[in-house]
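Scroll down for the structure; my scribbles are underneath it.
The values are calculated or read from the model by the stated rules, or taken from the named source; none is laboratory data. No experiment lies behind these values; they were computed from the predicted model shown. Every residue, glycine among them, receives a Cβ derived from its backbone with ideal geometry; neighbour counts consider all protein chains shown.
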Amino acid sequence: MSIILMILTFLIAEVLIAFGYAILAQLVYKRLGFDFSSILKGMIERGFLVICLMNGYPHGLTLFGALKLGTRLKRNDEQDKGAKAFNDYYLLGNAISVSVAIGYVKLLEDDVLLKFIDSICEHAIK
């Protein structure tokens, strides 16, 4: 039961995050809509971070950061005027993604979600 609840929570949170990223993309790039491949990649990245942190491998954060920065940052020179906006958007998105993964770990470690659901069930039964 708790695994189903955690998966459901993860999916609901990921939908909310997708809307947040869509708003951020609209503000930075003036781009409407969802990029479903980016949403899927973000879910996989956060899943990787949660697995690393839950199993006592904080080095996964270092690996994640190095891979992301090494593959995505653009130079900020006169030839590429959009590089600064892209870099800012990219770094902000990664900071949010890592924060969400750490939040998931705290929810899992402290059983916050299960305690919340139990309290709702108790009040519903009374």
Quiz item: Name the pairs: first residue in region 17-29 and more than 22 Å from G47 (Cα to Cα), second residue of a type in the set (D, E) and assigned to a helix (DSSP H, G or I), Cβ to Cβ under 8 Å, at least 6 apart or on different chains?
Solution: V28/D88
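Every residue, every condition in (1) under 27 Å from K115 (Cβ atoms); (2) at pLDDT 75 or above; (3) not in a helix (DSSP H, G or I), yes or no:
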site	(1), (2), (3)
Y57	yes, yes, yes
N76	no, no, yes
I96	yes, yes, no
A101	yes, yes, no
Quiz item: Can you tell me which residues in region 24-52 are at pLDDT 80 or above and farther than 16 Å from Y90 by Cβ?
Solution: L40, M43, I44, G47, F48, L49, V50, I51, C52
Quiz item: Just wondering, is there one or more residues in region 28-51 that are among the polar types (S, T, N, Q) and assigned to a loop (DSSP other than H, G, I, E, B)?
Solution: no
